[in-house]
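Throughout, read-outs are computed from the coordinates displayed, never taken from laboratory work. The shown structure was predicted, so the numbers you read here are calculated from the model rather than taken from an experiment. Cβ coordinates were reconstructed from backbone atoms using ideal geometry, including for glycine residues, and neighbour counts include every protein chain displayed.
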Amino acid sequence: MTRPDILQLNPILVPEIQQRLDDLYTVHRLFEQADPEAYLDAHGARMQAVITGGHTGISNDRLRRLPALKVVAINGVGTDAVDLAHCRARGLPVTATLGALTEDVADLALALLLATCREVVAGDRFVRDGDWVRHPQPSAIPLARRFSGQRIGIVGMGRVGRAVATRVQAFGCPVRYTDLHPMPDLPYPFEADLCALARQSDALVLAAAADTAQGIVNAQVLDALGPRGYLVNVARGRLVVEADLVAALTQGRIAGAGLDVFVDEPHVPPALFGLRNVTLQAHRASATWETRAAMGEMVLASVAQALAGQRPSASLTT
Ligand code: 8YV
């Protein structure tokens, strides 16, 4: 029996997951093709499933060239890079790995908060570069800021936002949040207005979906956060007006930032590279063996269910 053709748009980093896909299907790795668009034109009609990433998604133009598709399996939680309305109209299930990466993303938010306030990366560099030996006097490295007890404002109280709230409680941090509406099951105060939340926070943590919310963190919000305030973003770069953030950081209008996501990845504004109060990551919040394996299992299940003619249990659209 011939194996169904499926299209894979990004590398899968857990070899066991990739192997199982390769055992079950004829996997077309679009990211290995010299001319991906020509490859799609030539082979797209055979593809029964597509596997893509949360922030990379798939365009409608590409989807139109995949007429036999039975599922769009997102190896991630973000659905902002797939046109769900388009897929719904086509009766096409779109699945995501909801719940699989919550803990890791919240862990990285904490790592960024701690690393940024305590200038961990600058401290590491000071030791590695031999500066400690050259300048052993304590004044050679500036004092950092305490994280414990900071007032944390969480933007987006979905799974990740809630997991961040749980974690910061252990550091004695009071939590407030904003979202589209207050959530009665939560014990934390709700703020409808982002500027008001920023004004009452020592650190703002962005954990919101970027389907509709874009550019919500602008100069006004950053000025409300103020020169003692930190910004952490583990959601999407375009929630922030990046030029406003760079200006606020370089002018000392906020205290620092911990950033895993950017507007035009992998391009990061070079003005951030020289700032010791900024911690940068390469969109790695879900990048652990444990989480990527769990995500891979969900993707495997979604593809198998769709190709067996069932509605995938992780479907968001049908
Ligand atoms: C991943 C993400 O980088 O889940 C998301 O929406 O942005 C990330 O977890 C990506 O999806 C991995 O494929």
Checklist line | the range 1-89 - Rg and Dmax from Cα coordinates, angstrom | finding: 12.6, 37
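Counting only other residues whose beta carbon sits under 11 Å from that of L143, what net charge do I get with K and R as +1, D and E as -1?
Every neighbour counted, the sum reads +2.
Starting from the exponent 0.38 and prefactor 2.2 Å, build the expected Rg for the range 102-280 from its residue count and divide its actual Cα Rg by it.
Numbers: Rg = 16.1 Å, N = 179, 2.2 N^0.38 = 15.8 Å.
The range 102-280 yields a ratio of 1.02.
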Next item on the list: Note the full-extension length gain between L114 and V127 as 0.36 nm times their separation in residues minus their Cα-Cα distance, in nm to one decimal.
Entry: 2.8 nm
Item checked: Over the chain - Rg/Rh using Cα atoms and the Kirkwood inverse-distance radius -> 1.02
Notebook entry, point to check: Gain in length, N218 to L98, computed as 0.36 nm per residue apart minus the alpha-carbon separation, to one decimal in nm?
Noted result: 40.3 nm
Check: Over the chain, what is the mean sequence separation of C-alpha contacts under 8 Å (at least six apart), divided by residue count, expressed as relative contact order in percent?
Finding: 18
Check: Considering only V263, S201, G44, whose Cα is most displaced toward the positive end of the charge dipole of the chain, charges sitting on Cβ of Lys, Arg (+1) and Asp, Glu (-1)?
Finding: S201
Margin query: Taking only complete DSSP H runs, can you tell me which helices of the chain stretch 15 Å or more along their own long axis by Cα positions and average at least 1.0 on the Kyte-Doolittle scale?
Written below: 102-117
Notebook entry, point to check: Considering amide H positions built from the backbone, and no H for Pro or chain starts, which residues 5 or more places from T279, or on another chain, come under 5 Å of its amide H?
Noted result: A257, G258, L259
